[in-house]
Protein chains: 2
Amino acid sequence: MVYFYIMGLRCILEGGFIARESEKFEQFSEWFDRVLFTARIADNRYPVKGFIVYLENGWFVIERVRRRLEELLEEDGHFPMYFPIVATVENFSREAEHIKGFMGEVFAVGKLRLEGEEAPQEAPLILRPTSETIMYPMFALWISNHSDLPLKTHQSCAVYRYETKATRALYRVREIPWNEAHTAHASMEEAEEQVRKAVEIYSKVLDELGIAYLILRRPDFDKFAGADYSIAFDAWNPDGKVNQVATVHNLGTNFSRVFGIEFERREGGKAYVWQLCYGFGYSRVLAAVIAQHGDDLGPIFPPWVAPIQVVIVPIPYKGREVEVHRYAGEVYSLLKGRYRARLDDRPDATPGEKYYFWERRGVPLRVEVGPREVEKRTVVLARRDTGEKFTVPLEGLEGEVNRVFGEITRTLAERSKNRLSEQLVDVGSLEEGARSVELGKICRVSWCGSDECALSLKGSMGAEVRGYRYGVEERGERPCIVCGRPGKTYLYVSRAY
Amino acid sequence: MVYFYIMGLRCILEGGFIARESEKFEQFSEWFDRVLFTARIADNRYPVKGFIVYLENGWFVIERVRRRLEELLEEDGHFPMYFPIVATVENFSREAEHIKGFMGEVFAVGKLRLEGEEAPQEAPLILRPTSETIMYPMFALWISNHSDLPLKTHQSCAVYRYETKATRALYRVREIPWNEAHTAHASMEEAEEQVRKAVEIYSKVLDELGIAYLILRRPDFDKFAGADYSIAFDAWNPDGKVNQVATVHNLGTNFSRVFGIEFERREGGKAYVWQLCYGFGYSRVLAAVIAQHGDDLGPIFPPWVAPIQVVIVPIPYKGREVEVHRYAGEVYSLLKGRYRARLDDRPDATPGEKYYFWERRGVPLRVEVGPREVEKRTVVLARRDTGEKFTVPLEGLEGEVNRVFGEITRTLAERSKNRLSEQLVDVGSLEEGARSVELGKICRVSWCGSDECALSLKGSMGAEVRGYRYGVEERGERPCIVCGRPGKTYLYVSRAY
């Protein structure tokens with residue numbers, strides 16, 4: 001991949017083709033807001049702070065991702081369930097760390113009091129900011145014996161957090177569509193094994209989307225409220241603020257103790273269950289798809305989630321309109337059964353206008369047919385990701401489209417991985433770290449392993465401490481960037497959403 | 001179909017087989033609650049009134065129904081979107097009839113105030129009881145020209161109503177999972193045409209589920225708050241209280257006027273859009289599937305929505321265990337790729353216990369294999385709906401299972417239609433009507449067409465006036481049951497959830 005500049009705008013040269021990406025990297029906010037709207041992903045004008053409207057293309061992608069994730073969870077034995085949106089304040093308050101972490105940002109809910117109406121008799125409720133305190137009282141009813149374990153369940157829903165900081169569509173909202181899975185196990189080892197499985201499932205979905213990310217174990221001071229430890233998936237973002245798309249928490253027996261989730265062990269005697277919870281943020285994953293793959297024109301959707309996968313544009317030369325349109329119709333008939341295809345036969349738009357229109361909506365592949373294609377019974381394929389165009393025979397087109405989709409998926413994933421590598425830098429001093437953060441980098445710093453040193457990084461580098469690698473052992477070879485003692489491993493530090 | 005009684009219990013004889021159904025008809029509440037729990041459909045012990053936990057089998061059925069409905073809506077050009085769960089009180093209050101209808105049963109939501117915290121600055125919000133007042137301010141932003149029409153969108157979500165009466169799992173709850181579709185049109189005729197399409201789509205899904213229902217145009221005094229008129233789907237229920245599973249409302253220009261949804265007409269000049277909204281209640285449809293098809297053992301799921309479609313039970317005779325189990329495994333391998341199949345090879349349960357276990361969970365088809373089947377390379381199929389058992393060759397089993405699934409689906413639908421006919425009675429006087437209502441009947445009464453006569457029926461018959469047939473013209477031939485004037489059509493009167 002080669003970068004160069006045309007009139008001050010960063011461009012990339014790839015396989016001989018040019019895609020302009022300067023705006024995405026240099027004015028990310030403006031670019032993102034524009035893309036959401038023109039590609040009909042989301043509308044940010046809803047009159048309540050932090051609540052957005054998901055338009056057809058955004059919601060379509062989320063639905064596809066949801067189905068794939070649910071399929072993998074169910075293959076791994078998670079049952080789909082649906083739990084209430086409300087918790088009693090009493091249950092919500094039972095785990096001390098948990099309530100400390102969430103109390104400041106929950107929505108309360110109760111009957112709207114009409115004029116003259118008395119105060120409601122019912123206990124106050126909150127909208128779920130996450131569902132531990134809603135699910136676990138039920139788990140206590142369901143689990144009594146080792147044969148009831150493991151219990152694995154998941155639900156796709158939205159959670160609600162009263163965000164007081166500035167909100168941003170998809171990244172930081174008050175209504176957060178996600179999937180949450182919750183499991184209970186008979187032993188610590190089995191729970192640990194499930195952590196690995198959860199990480200594997202989430203990685204699979206993100207990999208299929210071509211999203212590049214780091215899996216990091218969060219420092220203790222930043223773990224989920226009530227967890228023993230937390231692992232998170234941080235996706236890179238063009239503005240350098242990483243995007244946490246998913247998390248996996250090992251809750252140990254912290255919740256089972258307060259909710260009384262006990263079981264009779266196979267070997268006799270009672271024990272508390274070991275629990276995990278893990279969440280996958282649909283809106284943040286959608287944001288990552290758009291932000292990582294898009295270019296200045298708009299989004300580029302990986303074919304398997306693209307609302308429209310292939311658009312057919314006829315190029316009718318004068319006097320040959322009828323045959324070109326007939327042929328375009330033939331191509332469309334061939335593809336529509338197998339792909340989400342669209343024939344753009346609007347009479348009042350030029351082919352160029354149509355190209356531009358569908359490019360801005362992220363359609364990964366365009367099929368062009370003109371008189372030449374009619375004669376030779378071929379079509380021209382134009383890839384949205386590279387701009388590359390090539391002619392292929394109509395015969396066997398379905399298979400060829402499939403092959404190209406595979407290519408596009410691989411290219412998007414590879415390109416995104418490369419960008420993550422570029423954004424990652426090793427820094428040797430706090431000053432260098434602060435400068436790199438300013439430039440939108442994710443900094444890798446040597447660390448002695450102490451909480452104090454980790455904590456002090458935030459202030460001195462002006463960024464968040466995201467944690468150390470999970471699943472990849474990185475042994476420190478340099479002295480700790482803060483205290484100078486021998487490094488144990490590396491911490492990743494960057495700005496974050 | 002023949003009914004008879006054994007020791008006072010109503011049974012049905014069908015195709016030579018007996019299914020006991022007395023409990024379902026005579027003690028519906030107890031039967032229903034038990035079935036929800038033993039078939040793992042829902043758990044009603046959540047500590048907040050009107051909020052239930054959907055267990056794996058219940059949620060599975062809802063997900064299947066949801067996918068099918070969404071598929072049909074999207075084929076008809078509805079875009080999937082997702083709108084916020086909250087409305088501002090200001091927007092919610094804009095349509096006068098609408099707020100009058102819903103104000104008494106909405107949940108208010110806002111930041112949970114911590115001790116010492118000041119009152120929130122933000123405007124009060126409500127949780128959607130339905131989404132007109134959430135969607136239509138956005139429609140006003142999106143629609144300006146006739147080319148923006150029709151606009152058709154749908155979302156699957158939950159709505160929230162502060163129910164003060166007794167709640168009942170699935171039927172009457174405070175968190176109501178549903179799909180709501182909203183459309184805007186350039187003319188009244190087009191809106192009317194969409195009413196027909198909506199009715200067609202809902203009918204298709206209900207028909208595929210074998211649910212029997214009446215499509216009724218509600219009397220004016222019972223239409224949706226803010227609608228010109230309302231059409232509803234009332235499914236029969238064993239206890240005689242009909243179950244409204246879906247509704248279609250023609251809103252005319254009532255909402256477009258207050259939300260300012262105007263467009264430039266093709267022929268010039270501005271006009272307000274004509275709007276519809278229609279909703280399909282997932283939990284009530286699930287209730288109808290259970291209540292209409294189930295028998296005293298438990299639910300009988302139509303194969304296409306059954307969480308487990310076919311269960312294989314080995315019947316291992318002494319000394320032949322290994323070959324029977326090997327053969328059962330072979331049958332399972334054959335079926336599992338194509339169906340949601342389960343092999344019950346628990347060593348600690350007898351075949352009889354296994355039959356009973358899966359019957360209570362509604363699995364529509366059982367495959368039994370013993371030494372005889374091993375020898376002849378056959379299997380025994382046992383239908384859950386009729387109890388019928390028959391032997392078929394292993395060769396071609398996949399196709400045979402498919403055929404039997406079709407049979408089961410048809411039988412369930414036919415049986416349910418017959419029950420609806422039995423529950424329907426023509427009554428000629430108010431006294432007869434009151435008696436019939438008491439017996440759990442849906443009464444058809446001749447009606448002059450006046451609001452007064454319709455309104456008076458409620459009191460005199462002790463039941464709800466559900467309306468008159470939609471899509472079937474029923475001309476009155478007898479005098480109005482209330483006033484004696486010539487009848488125009490027939491009203492349907494029954495108890496209802």
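Derivation of every value follows stated rules applied to the coordinates shown; laboratory data play no part. These figures come from a predicted structure and were not determined experimentally. Every residue, glycine among them, receives a Cβ derived from its backbone with ideal geometry; neighbour counts consider all protein chains shown.
Assorted remarks:
- Residues in the stretch A:413-450 that a label on A:PHE25 would reach, taking backbone N under 18 Å of a point 7 Å out along Cα→Cβ: A:413-426, A:436-443
- Of B:LYS100/B:LYS458; B:LYS204/B:LYS458; B:LYS24/B:LYS100; B:LYS165/B:LYS441; B:LYS197/B:LYS241; A:LYS165/A:LYS241, those spanning more than 26 Å from alpha-carbon to alpha-carbon: B:LYS204/B:LYS458; B:LYS24/B:LYS100; B:LYS197/B:LYS241
- Seen against the Cα atoms of chain A and their longest principal axis, helix A:321-336 is set at about 30 degrees.
- Anisotropy class of the stretch B:68-132 from Cα gyration tensor, a/c 1.5 cut: prolate
- C-alpha center-to-center spacing [the stretch B:57-89, the stretch A:348-366] in angstrom: 29 Å
- Value of Rg to Rh for the stretch B:424-496 (Rh from inverse mean 1/r over Cα pairs, i.e. Kirkwood): 0.92
- Translational diffusion coefficient of the stretch A:352-477 (Stokes-Einstein, Kirkwood radius from Cα pairs, 10 °C, 1.306 mPa s): 85 µm²/s.
- Nearest-20 debye value, chain A charge dipole, Cβ charges on Lys, Arg, Asp, Glu: 860 debye
- What you get for the stretch B:424-496, charging only the Cβ of Lys and Arg (+1) and of Asp and Glu (-1), is a dipole of about 100 debye around the Cα centre.
- Separation of alpha-carbon centers, the stretch B:200-234 and the stretch A:25-42, rounded to whole Å: 41 Å
- Cα long-axis angle, helix A:188-208 against chain A (0 to 90 degrees, to the nearest 10): 20 degrees
- The tail of the calculated P(r) for the protein assembly as shown beyond 60 Å holds 13 percent of all Cα-Cα pairs.
- Binned Cα-Cα distance frequencies in the stretch B:163-249 - 10 Å width, integer %: 14, 43, 35, 8, 0
- Over all orientations, the stretch B:224-323 has a Cα convex hull whose mean projected area works out to 12.5 square nanometres.
- The aspartates and glutamates within cross-link reach of B:LYS223, meaning a Cα-to-Cα straight distance under 16 Å and a gap of 8 or more places when in the same chain, are B:GLU95, B:GLU97, B:GLU132, B:ASP234, B:ASP451, B:GLU452, B:GLU464.
- Per-residue mean of C-beta atoms belonging to partner chains within 10 Å, peptide A:155-162: 2
- Shielding value for B:136-143 is 2, the average number of Cβ atoms from other chains within 10 Å of each residue's Cβ.
- On full extension, the segment bounded by A:ARG377 and A:LYS318 gains 19.3 nm, given 0.36 nm per residue less the C-alpha separation.
- Shortest-first nm distances, A:LYS318 label point to equivalent points in other copies (7 Å, Cα→Cβ): 9.6
- Span from the the stretch A:245-313 Cα centroid across to the the stretch B:242-316 one, whole angstrom: 29 Å
- Ordering of A:198-204, B:59-65 by packing [mean C-beta count within 10 Å, highest first]: B:59-65, A:198-204
- Each of B:PRO316, A:ALA225, B:THR253 was placed along the dipole of the protein assembly as shown (beta-carbon charges, centred on the mean Cα), and the one lying farthest toward the positive end is B:PRO316.
- Scaled to the globular estimate 2.2 N^0.38 Å, the Cα spread of the stretch A:303-420, given as radius of gyration, is 1.05.
- Rounded to the nearest 20 debye, the dipole magnitude of the protein assembly as shown is 420 debye, with +1 charges on Lys and Arg beta carbons, -1 on Asp and Glu beta carbons, and the Cα centre as origin.
- Axis-nearest residue in chain B [Cβ, rotation onto A], distance in whole Å: B:VAL109, 2
- Over every Cα atom in the stretch A:97-188, the radius of gyration and the widest Cα-Cα span, Dmax, amount to 17.2, 55 Å.
- Between the helical axis of B:56-75 and the longest alpha-carbon principal axis of chain B there is an angle of about 50 degrees.
- Number of Lys-Lys pairs in the stretch A:303-420 with C-alpha atoms under 24 Å apart and a separation of 8 or more places or on different chains: 9.
- Across the stretch A:20-89, Cα-Cα pairs more than 14 Å apart make up 75 percent of the total.
- Extent along principal axes [Cα atoms of chain A; Å; largest to smallest]: 84, 59, 57
- Ascending distances from the A:GLY462 label point to its copies in the other chains, with the point 7 Å along the Cα-to-beta-carbon line: 7.9 nm.
- Think of the protein assembly as shown as a dipole: +1 on every Lys or Arg Cβ, -1 on every Asp or Glu Cβ, centred on the Cα centre; then among A:VAL35, A:GLY387, A:VAL86, A:GLY387 lies furthest on the positive end.
- Projecting 7 Å from Cα along the Cα-to-Cβ direction, the label point of A:SER147 sits 6.8 nm from its equivalents in the other copies, listed shortest first.
- Shape metrics for the stretch B:366-431, restricted to C-alpha atoms - Rg then Dmax, Å: 18.9, 66
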